[in-house]
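Working notes, beginning with the structure itself.
The values are calculated or read from the model by the stated rules, or taken from the named source; none is laboratory data. What you see is a predicted model, and the numbers here were worked out from it, not measured in a lab. So basically every Cβ, Gly included, is an ideal-geometry build from the backbone, and we count neighbours across all protein chains shown.
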Amino acid sequence: MADVKKIATRESYGNALAECGADFPNLVVLDADLAGATKTGVFQKAYPDRHIDCGIAECNMTGIAAGLATCGKVPFISSFAMFAAGRNFEQVRNSIGYPHLNVKIGATHAGITVGEDGATHQCNEDVALMRTIPGMTVIVPSDDVEAKAAVRAAIELEGPVYLRFGRAAVPVINDTPDYKFEIGKGVLLREGTDVTIIASGITVASALEAADMLAADGISAEVINIHTIKPLDEELVLASAKKTGKVVTAEEHTVIGGLGSAVCDCLSQKCPTPVLKIGMQDVFGESGAANALVEKYGLDGKGIYASVKGFV
Amino acid sequence: MNKLELQKTANEVRKGIVTAVHGAKAGHPGGSLSAADIFTYLYFEEMNIDPKDPKKADRDRFVLSKGHTAPGLYSVLANRGYFPVEDLPTLRHLGSYLQGHPCMQETPGVDMSSGSLGQGISAAVGMALAAKMDGKDYRTYTLLGDGEIQEGQVWEASMFAGHRKLDNLVVIVDNNGLQIDGKIDDVCSPYPIDKKFEAFNFHVINIDGNDFDQIDAAFKEAKATKGMPTAIICKTVKGKGVSFMENNAGWHGKAPNDEEYATAMADLEKIGAELGGAN
């Protein structure tokens, strides 16, 4: 992977906002003293009058965005996932979700790849929280290409959207001429017959690596990228489960309530299938380099390979 | 409207509050009645609004941050012509467009869903900010409870409004002195309220919030104030107008039974008669 281009999706987020600024004059971006880290500083530089730093007050930022949305603005609120979804849960639910306002939540620094800051800042619960809010769209892009496409698609979609971005640089895997992003449509990355690996975010690249290793052992793994956790592409999930009869989910998130749970919710009702959920196994993270944490918690290619091997 | 007309209208708004809460067999009469004069002044005198066009782009905005006093908002909206007064007793009933707390998608004239305390003021700040960004001259008003200002988010929002010099924003505090668990200064005192808003760079006006002369003067002063938001701290009587509800925390969130309803309406009819009958 040495020669693969790597970009953190938070960078993609900031760049996409700046690129969309001219096309969407109502687009405004709010931050809570983290514009440098969330990379919305790029937008701020290009459109200083449309960037609002609210100071370290995420809950108020969320309410301000709600008020702006009632007046026709398309606000993005930016913070770390821990604060954007965690600290803010009730504000997002009541001030944005309940009135179904056109506010986008750009949550960066999600999951354990926050790294050295440790467990207090590693949000492994945000997808679960956001998924419970009626009418909320939840998107977890896997790389730069997808992250930028997701930002534009979120602006074009009327209603609240939660977008999850990471701190660490990740390989660009969707840089293909026929790549097309559509909210709610999963991407079949590799066809297989023995097992389905459903991944989102950083685990998509890991799943592709794992599939290569499994192939060497004679195991044919189908790999699906579910960038939109809600609404879930049930059609794609069901078709693959019916074909392979075994499903593995992989996410940089607790296995309680995230991608794995969303897939199980679908399969248990419509096509009962054995499922192995790879992710944070009901534990907090810890300090360490992002790649070391990914390895320790089994979210890299080798980790997913080993888990799938034990499952099939 | 002159003062007498405002007083008579406020009395009708109070009747609507009591009728709505009685019809619901639940709800929050105390803080609705204390703020009835403020609601009346806003919707009949102060705000640039059109009941025939509730979503008019450049209308003034109102956010009921103390959303539990929805009966007060609904009653004033109904009396102002947004929807029939006869619908007020459907409050909180299954299928009613008058939800227990304000819902902007259900009720004509409601500019923001609210009810989770501390959140409405932030939305109001967002509306005021939008007007500034777009160079529009509409104004935004938000009403908070004196218990509500115990919520930290209120001060996050106030800090931002002061910092941004949002002189198109008026924060109104209904200082009726009581919250569910008792007197606000026994539970967790927010006093001095005026000094706190001053410290957050607001222009602060202290008034008797049940006196239309003082209300009128305060809102005129707010409009004339440039370069900073205004906070109007309104000393009020919780349950105002209904003898047995006045200054009684027990009527924060309780509906009158049939007998109590009759007594309450008799109290308000008497006040109406003293004011010289209907407008």
Where in segment A:16-111 are there helices (runs of 4 or more DSSP H), lying fully within it, with 1 or more residues that are buried (at least 24 other Cβ atoms within 10 Å of the Cβ) and facing chain B (nearest Cβ under 8 Å)?
A:58-70
Among the residues in segment A:301-309, are any hydrophobic (A, V, I, L, M, F, W, C), over 20 Å from residue A:137 (Cα atoms) and surrounded by fewer than 24 Cβ atoms within 10 Å (Cβ to Cβ)?
yes
Could you please find all residues in segment A:35-66 being of a type outside the set (Ser, Thr, Tyr) and in contact (Cβ under 8 Å) with a residue 60 or more places away in the chain?
A:37, A:39
I'm trying to understand the selection: among the residues of segment B:143-167, which are among the hydrophobic types (A, V, I, L, M, F, W, C), farther than 25 Å from residue B:236 by Cα and surrounded by fewer than 24 Cβ atoms within 10 Å (Cβ to Cβ)?
B:159
Among the listed residues A:183, A:139, A:197, identify the single one that is β-branched (Val, Ile, Thr), surrounded by fewer than 24 Cβ atoms within 10 Å (Cβ to Cβ) and either touching an Asp or Glu at 6+ places or on another chain (Cβ under 8 Å) or at pLDDT 95 or above (or both).
A:183
Test residue A:81 against the criterion of being in contact with a Lys or Arg (Cβ under 6 Å, 6 or more places away or on another chain) and more than 26 Å from residue B:128 (Cβ to Cβ), and give yes or no.
no
Within segment B:77-102, which residues are hydrophobic (A, V, I, L, M, F, W, C) and touching a Gly at 6+ places or on another chain (Cβ under 9 Å)?
B:77, B:78, B:83, B:85, B:88, B:91
Among the candidates B:207, B:215, B:149, residue that is among the β-branched types (Val, Ile, Thr), away from chain A (no Cβ under 12 Å) and within 22 Å of residue A:94 (Cα to Cα)
B:149
Residues that are small (Gly, Ala, Ser) and over 12 Å from the mean Cα position of the chain (by Cα), drawn from segment A:84-141:
A:84, A:85, A:86, A:95, A:97, A:115, A:118, A:119, A:135
Return only the number of the condition from (1) assigned to a loop (DSSP other than H, G, I, E, B); (2) over 30 Å from residue B:269 (Cβ atoms); (3) not charged (D, E, K, R) that residue B:231 does not satisfy.
(1)
State all residues of segment A:149-163 that are surrounded by fewer than 23 Cβ atoms within 10 Å (Cβ to Cβ) and part of a helix (DSSP H, G or I); if no residue qualifies, say none.
A:149, A:152, A:153, A:155, A:156
Assess whether residue A:250 counts as being at pLDDT 95 or above, touching a Ser or Thr at 6+ places or on another chain (Cβ under 7 Å) and either among the basic types (Lys, Arg) or surrounded by fewer than 23 Cβ atoms within 10 Å (Cβ to Cβ) (or both).
no
Extreme residue, farthest from the chain's Cα centre (by Cα), among residues of segment A:268-298 that are assigned to a loop (DSSP other than H, G, I, E, B) and hydrophobic (A, V, I, L, M, F, W, C)
A:271
Tell me, yes or no, whether segment A:39-49 has at least one residue that is within 20 Å of residue A:16 (Cβ to Cβ) and within 19 Å of the chain's Cα centre (by Cα).
yes
Restricting attention to segment B:111-142, which residues are farther than 17 Å from residue B:64 by Cβ and either at the interface with chain A (Cβ under 8 Å from one of its Cβ atoms) or crowded, with 24+ Cβ neighbours inside 10 Å (or both)?
B:129, B:130, B:131, B:133, B:134
Of a type in the set (S, T, N, Q), away from chain A (no Cβ under 11 Å), over 16 Å from residue B:171 (Cα atoms) and touching a residue at least 12 places away in the same chain (Cβ under 8 Å) - does that describe any residue in segment B:75-88?
yes
Quick one: is residue B:95 surrounded by fewer than 18 Cβ atoms within 10 Å (Cβ to Cβ) and at positive phi?
yes
Tell me, yes or no, whether segment A:223-230 has at least one residue that is among the polar types (S, T, N, Q) and surrounded by fewer than 16 Cβ atoms within 10 Å (Cβ to Cβ).
no
Scanning segment B:98-110 for residues that are surrounded by 24 or more Cβ atoms within 10 Å (Cβ to Cβ) and touching a Ser or Thr at 6+ places or on another chain (Cβ under 9 Å), the one nearest to the other protein chains (Cβ to nearest Cβ) turns out to be B:102
Might you check whether a residue that is within 16 Å of residue B:68 (Cα to Cα), among the small types (Gly, Ala, Ser), assigned to a helix (DSSP H, G or I) and within 13 Å of the chain's Cα centre (by Cα) occurs anywhere in segment B:12-30?
yes
Strands (runs of 3 or more DSSP E) wholly in segment A:179-261 with at least 2 residues that are in contact (Cβ under 8 Å) with a residue 60 or more places away in the chain - which ones?
A:195-199, A:221-225, A:228-230, A:247-254
Is it the case that residue B:62 is within 14 Å of chain A (Cβ to nearest Cβ) and among the aromatic types (Phe, Trp, Tyr)?
yes
